[in-house]
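S.K.: Here it is, the structure in full.
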Amino acid sequence: MTKQKILITGGAGFIGSHVVRLFVNNYSEYEIYNLDKLTYAGNLENLKDVESKSNYHFVKGDIVDAGFVNTLFAEHDFDGVIHLAAESHVDRSIESPMDFVMTNVVGTVNLLNAAKHSWKKTAAGKRFYHVSTDEVYGSLHEGGFFLETTPYDPQSPYSASKAGSDHFVRAYRNTYKLPVVISNCSNNYGPNQFPEKLIPLFINNIRNKKPLPVYGKGENVRDWLYVIDHARAIDVVYHKGKEGETYNIGGFNEWKNIDLIKVICRAMDKKLGRAIGESEQLITYVTDRAGHDLRYAIDANKIMNELGWKPSLQFEEGIEKTIDWYLANQQWLDDVTSGNYLRYYESMYANR
Ligand code: NAD
Ligand code: DAU
């Protein structure tokens, strides 16, 4: 394997931390630079086990700051970029769309400009990998899957901002010949996910005997993939994906929200020694999310057939491992929900 200097953005977040760990551990000859602003969703605790490795480097910074991004690229001759940094929560995008425009669109364009400038003599052997979401394709009814060729039809400010960033990535390839690759993945679950997203929020609420707010009738369908399988797919796409191509990533694992929630309730009852059915009593139907997409379902045949990737875990095993991780890491949950870690970063980085 040749030496490479790779910039991973958003590496302190949920998926990014698993990608950073995989690259740092599996490619000791690579230099991995993790660029992260450390928003509420970024947590360096997620990377404690790799922070002292000699091929890992952390850079605190904001991709919206073009001057900072350009200087970083001028200082480091990056061979590749794996871009995950984003505002990622649909509910927050409904409250504050502009934060999503800034990070997801402007931040992505800043990175594209910096890569274009840095690789202007030759882009041979370089790669800009943009990590995106299945939500850009919109909402499905019963039947059918999202293919790589499905027309974009984003329905929330979050998915519109991700769709915008995907369009810019393709436009930079078409206009400036920037070597790019894109993947669009379904819902991830697993360790280190911020407890604002369905699965960790509900695990945390069950543990604390708090209500479980189910949007609408709980009939929306999501297609769940274990986060480490997404990280493995990102590894495969980065190394083997064809320049200019898009790959859909998913586990062919659709669940109606309410059915998934009941699985979690029953598993938690068993693990916490509660009477079976106790946690289901916490289910509370609440006002639906505005513009709530009904169903996502990814057809992942292209990445499976062309690049040989497939999920390593069945959902039953993945959800068990996930619940076990949160129960074994209750301090992590308490810290991120209490904001202790944000105070820690403020004091650590205030004068840097
Ligand atoms: P996350 O919210 O857990 O993490 C995002 C990370 O980006 C955080 O560490 C945060 O500090 C950092 N960040 C945010 N704004 C930044 C900025 N302006 N500059 C630098 N860093 C910044 O997100 P996630 O769930 O890990 O998602 C990662 C990527 O994968 C996103 O691009 C998301 O759209 C995409 N994705 C997520 C899922 C999912 O189910 N979570 C599925 C498909 C695709
Ligand atoms: O499909 C990929 C996307 O999956 C990613 O691009 C996003 O970054 C990620 O956040 C996720 O988006 P969702 O909106 O599908 O995830 P969330 O966990 O917020 O919600 C999952 C489903 O559960 C959705 O139908 C809304 C519902 N829900 C969610 C929350 C937080 C509830 O019913 N109650 C809740 O409290």
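S.K.: May I ask you to list the lysines whose Cα is less than 20 Å away from that of residue 302, ignoring any residue fewer than eight positions away on the same chain?
M.R.: 240, 242, 310
S.K.: Between residue 280 and residue 329, what FRET efficiency comes out of the Förster formula 1/(1 + (r/R0)^6) with R0 = 25 Å and r the beta carbon distance, rounded to 0.05?
M.R.: After rounding to 0.05, the efficiency reads 0.55.
S.K.: While we're here: Could you tell me the relative contact order of the stretch 226-352? Use alpha-carbon pairs under 8 Å, at least six residues apart, and round to a whole percent.
M.R.: 35
S.K.: Over the Cα atoms of the stretch 103-149, compute the convex hull volume and normalise it per residue, giving Å³.
M.R.: For the stretch 103-149, the hull spanned by Cα atoms encloses 97 Å³ per residue.
S.K.: Per the Debye formula with a single identical scatterer at each Cα and no solvent contribution, what log10 I(q)/I(0) holds for the chain at q = 0.08, 0.13 Å⁻¹?
M.R.: -0.37, -1.04
S.K.: Ignoring ligands, DNA and RNA, please state the percent of accessible area on the chain from carbon and sulfur, probe 1.4 Å.
M.R.: 50
S.K.: In addition: When the dipole is taken about the Cα centre of the stretch 261-352, and only Lys, Arg (+1) and Asp, Glu (-1) are charged at their Cβ, what size is it in debye, to the nearest 20?
M.R.: Using Cβ point charges on Lys, Arg, Asp and Glu, the stretch 261-352 gives about 60 debye.
S.K.: Please list, or write none, the lysines whose alpha carbon is within less than 25 Å of the alpha carbon of residue 209, excluding same-chain residues fewer than 8 places away.
M.R.: Qualifying lysines at Cα under 25 Å: 197, 217, 256, 262, 270, 271, 321.
S.K.: Okay, moving on. How big is the charge dipole of the chain about its Cα centre, in debye rounded to the nearest 20, if each Lys and Arg gets +1 on its Cβ and each Asp and Glu gets -1 on its Cβ?
M.R.: Approximately 560 debye in magnitude.
S.K.: Over all distinct alpha-carbon pairs, what is the Kirkwood Rh of the stretch 297-352 in angstrom?
M.R.: Details: mean 1/r = 0.0667 Å⁻¹.
Here the Kirkwood hydrodynamic radius works out to 15.0 Å.
S.K.: Output the Cα-based Rg and Dmax of the stretch 46-205 in Å, rounding Rg to one decimal and Dmax to a whole number.
M.R.: Cα only, the stretch 46-205: 17.1, 54 Å (Rg, Dmax).
S.K.: Between the stretch 276-352 and the stretch 48-73, what's the alpha-carbon centroid distance in Å?
M.R.: 24
S.K.: Setting aside same-chain residues fewer than 8 positions from residue 53, which lysines have a Cα under 23 Å from its Cα?
M.R.: Excluding near neighbours in sequence, the set is 3, 5, 37.
S.K.: Expected output is a single nm value to one decimal: the length gained when fully extending between residue 312 and residue 217, i.e. 0.36 nm times separation in residues minus the C-alpha distance. What is it? Working shown, then result.
M.R.: Working: separation 95, 0.36 × 95 = 34.20 nm, distance 3.16 nm.
Here the segment from residue 312 to residue 217 would lengthen by 31.0 nm.
S.K.: Calculate one ³J(HN,Hα) per residue across the stretch 337-345 by plugging θ = phi - 60° into the Karplus curve 6.51 cos²θ - 1.76 cosθ + 1.60, and present them in order as whole Hz with x for glycine and proline.
M.R.: Karplus values, whole Hz, x for Gly and Pro: 7, 8, x, 4, 6, 5, 4, 4, 5.
S.K.: Let me ask something else about it. Please work out how much accessible surface residue 232 shows to a 1.4 Å probe, ignoring ligands, DNA and RNA, in Å² rounded to 10.
M.R.: Accessible area, nearest 10 Å²: 80 Å².
S.K.: For residue 11, list long-range residues whose amide hydrogen, built 1.01 Å from N in the peptide plane, is under 5 Å from its own amide hydrogen.
M.R.: It is 35, by chain and number.
S.K.: In Å, what Kirkwood hydrodynamic radius results for the stretch 190-236 from the alpha-carbon pair distances?
M.R.: Taking every pair of different Cα atoms in the stretch 190-236, averaging 1/r and inverting gives 12.5 Å.
S.K.: Rounded to a whole number of µm²/s, how large is the Stokes-Einstein D of the stretch 156-303 at 25 °C and 0.890 mPa s, given Rh as the Kirkwood radius over C-alpha pairs?
M.R.: Using the Kirkwood radius from Cα pairs, D works out to 141 µm²/s.
S.K.: Mind checking which of 191, 180, 291 is farthest towards the positive end of the chain's charge dipole, using Cβ charges of +1 (Lys, Arg) and -1 (Asp, Glu) about the Cα centre?
M.R.: Going by the charge dipole, the pick is 180.
S.K.: Give me a comma-separated list of calculated 3J(HN,Hα) values for the stretch 112-124, in order, Karplus coefficients 6.51, -1.76, 1.60 applied at θ = phi - 60°, integers in Hz, x for any Gly or Pro.
M.R.: 4, 4, 5, 5, 4, 5, 5, 9, 5, 5, 8, 9, 4
S.K.: Out of all Cα-Cα pairs in the stretch 80-166, roughly what percent, to the nearest whole number, are more than 16 Å apart?
M.R.: Result: 57 percent of Cα pairs exceed 16 Å.
S.K.: Another question about this same structure. Pairs of alpha-carbon atoms within less than 8 angstrom and 6+ residues apart define the contacts here; what relative contact order does the stretch 10-114 have, in percent?
M.R.: Normalised by residue count, the contact order of the stretch 10-114 is 27 percent.
S.K.: Could I ask something else about it? Based solely on its DSSP helices, what 222 nm [θ] is calculated for the chain when runs of n ≥ 4 H residues each add -39,500 (n - 2.57) and the sum is averaged over all residues, nearest 500 deg cm²/dmol?
M.R.: -12500 deg cm²/dmol
S.K.: Here's something else I'd like to know. At 1.4 Å probe radius, can you tell me the per residue accessible area of the chain in Å²? Could the numbers behind the result be given before it?
M.R.: Working: 15260 Å² over 352 residues.
Per-residue value: 43 Å².
S.K.: Under a Cβ-only charge scheme (Lys and Arg +1, Asp and Glu -1), can you give me the dipole magnitude of the stretch 71-212 about the Cα centre, in debye to the nearest 20?
M.R.: So the magnitude is around 380 debye.
S.K.: Per 5 Å bin, what percent of the C-alpha pairs of the stretch 218-334 does each bin hold, from zero upward?
M.R.: Using 5 Å bins, I get a P(r) of 2, 10, 16, 17, 17, 16, 11, 7, 4, 1, 0 for the stretch 218-334.
The values are calculated or read from the model by the stated rules, or taken from the named source; none is laboratory data. Just so you know, these numbers come straight off a predicted model, no measurement behind them. FYI the Cβ positions are ideal-geometry reconstructions off the backbone, even for glycines, and counts take in every protein chain you see. SASA here: full protein model, heavy atoms, side chains in, ligands and nucleic acids out. Shrake-Rupley method; radii C 1.70, N 1.55, O 1.52, S 1.80 Å.
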